[in-house]
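**Q** Mind looking over this structure? Questions follow.
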Amino acid sequence: MAKVSSTREDMLSAAVELFAARGYEGVGIAELLSKSGAPRGSLYFHFPEGKEQIGAEVVARVGAEVAARFRGLHDSGVDLETFIDRVFKTTAQSCKDRDYTASCPMAAIATGFGNDSPKLAVAVRGAFNSWEAEIRVAAEARGMNAANAASFASAMLASMEGAFVISKAQGSSDAHVNASRAMQAYASSLQLN
């Protein structure tokens, strides 16, 4: 018999994978249970609020993991051009590793839920805000003023998530390469001001 924590963990891991491939609305409970190998009765035991709770927990998990990666990259002391390059090389590799069949779970979830999911909306907003904050801190530490760093962080996040979506649609990493170049040019122009 599987441990309780293992079943819960298996469901969350399966949800990350499935949501990345087809978005929040594109995944049904039966498929989630099948992918995770969890018995049907365990869903509401582990997630009493159902699919929305699973989605919110996936967002919190992915959000925290990505924020920590941004923080780690910042703490490594690389210059801003290298920071940008590494982010987009990582996103490109992620898409390639999935054979361009999935995007960032966050983008897939953020674009795939309706107004009837307030818990999910709060979780997505919080995760994106934490990513912007980490990017903004990194930009400020590398010489950008606060206003420019905030603008840069917002554009970086939009470019990153957009590259995921376009990469999946085109079956190519070109969007990540182009987004990296564009963000490096934008960062350079902001550092001059």
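**Q** In a GNM of the chain with a 10 Å cut-off on Cα contacts, which of ALA138, ALA21, ALA38 has the highest mean-square fluctuation?
**A** Highest fluctuation among the options: ALA38.
**Q** So, one more: Would you calculate a helix-derived [θ] at 222 nm for the chain, using -39,500 (n - 2.57) for each DSSP H run of n ≥ 4 and dividing by the full residue count, to the nearest 500?
**A** It lands at -26000 deg cm²/dmol.
**Q** If you take the charge dipole of the chain about its Cα centre, with +1 on Lys and Arg Cβ and -1 on Asp and Glu Cβ, which of GLY143, ALA127, VAL58 is farthest toward its positive end?
**A** Sorting the options by dipole projection puts first VAL58.
**Q** Something else now. Heads up, I need the accessible area for MET160: 1.4 angstrom probe, whole protein in place, Å², nearest 10.
**A** 10 Å²
**Q** As an exercise, identify the GluC sites (Glu not before Pro) in region 9-52 lying in DSSP coil whose Cβ has no more than 12 other Cβ atoms within 10 Å. Can you show the working numbers first?
**A** Numbers: sites: GLU9, GLU17, GLU25, GLU31, GLU49, GLU52; in loops: GLU25, GLU49.
Filter output for region 9-52: GLU49.
**Q** If you don't mind, another one. Expected output is a single nm value to one decimal: the length gained when fully extending between ARG40 and ASP99, i.e. 0.36 nm times separation in residues minus the C-alpha distance. What is it?
**A** Length difference between fully extended and current span is 18.2 nm.
**Q** Taking the Cα centre of the chain as origin and charging only Cβ (+1 Lys, Arg; -1 Asp, Glu), how large is the dipole, in debye to the nearest 20?
**A** Dipole of the chain, to the nearest 20 debye: 160 debye.
**Q** Can you tell me which of SER159, SER151, SER76 moves the most in a GNM of the chain? Springs connect C-alpha atoms under 10 Å apart.
**A** SER76
**Q** Now for a different question. Please compute the modelled spin-label separation between ALA21 and LEU192, points set 7 Å along Cα→Cβ, answer in nm with one decimal.
**A** So the two model labels end up 4.7 nm from each other.
**Q** Next question. Can you give the longest stretch of the chain with no exposed loop site, where a site means trypsin sites (Lys or Arg not before Pro) in a DSSP loop (not H, G, I, E or B) with at most 15 other C-beta atoms within 10 Å? Walk me through the numbers before you get to the answer.
**A** Values: sites that count: LYS3, ARG98.
Within the chain, the longest run free of exposed trypsin sites (Lys or Arg not before Pro) spans 99-193.
**Q** Taking only pairs that are 8 or more places apart or on different chains, how many Lys pairs in the chain have Cα atoms under 19 angstrom apart?
**A** Lysine pair count for the chain: 5.
**Q** Let me ask you something else. Summarise the accessible area of region 1-118 (1.4 Å probe, protein heavy atoms) by the percent that is carbon and sulfur.
**A** Working: 3050 of 5920 Å².
Whole-percent figure for carbon plus sulfur exposure: 51.
**Q** Moving to a separate point now. Given an 8 Å cut-off on Cα distances and at least 6 residues of separation, report the relative contact order of the chain as a percent.
**A** This gives 26 percent for the chain.
**Q** What does the accessible area per residue of region 41-140 come to in Å², with a 1.4 Å probe and no ligands, DNA or RNA counted?
**A** 47 Å²
**Q** I'd like the distance between the alpha-carbon centres of region 16-37 and region 174-193, rounded to an integer number of Å.
**A** For region 16-37 versus region 174-193, the Cα centre distance is 35 Å.
**Q** Next up: Can you find, among ALA14, SER189, MET156, the residue farthest towards the positive end of the dipole of the chain? Put +1 on the C-beta of Lys and Arg, -1 on that of Asp and Glu.
**A** Looking along the dipole axis, the top candidate is ALA14.
**Q** Next question. I'd like to verify something in the chain: which complete DSSP H helices, judged by Cα projection on the helix axis, reach 20 Å or more and average at least -0.5 on the Kyte-Doolittle scale?
**A** Taking the DSSP H segments of the chain (at least 20 Å long, mean hydropathy at least -0.5), we get 4-22, 51-75, 80-97, 118-141, 146-170, 174-192.
**Q** Suppose every K and R has +1 on its Cβ and every D and E has -1 on its Cβ; what is the size of the dipole of region 69-154 about the Cα centre, in Debye to the nearest 20?
**A** So the dipole magnitude of region 69-154 works out to roughly 160 debye.
The values are calculated or read from the model by the stated rules, or taken from the named source; none is laboratory data. None of the values given here were measured: they were computed from a predicted structure. Reconstructed Cβ throughout: ideal geometry from the backbone, glycine too, with neighbour counts over all protein chains shown. Note: accessible area is taken over every heavy atom of the protein model, side chains too, but ligands, DNA and RNA are not part of it. Shrake-Rupley method; radii C 1.70, N 1.55, O 1.52, S 1.80 Å.
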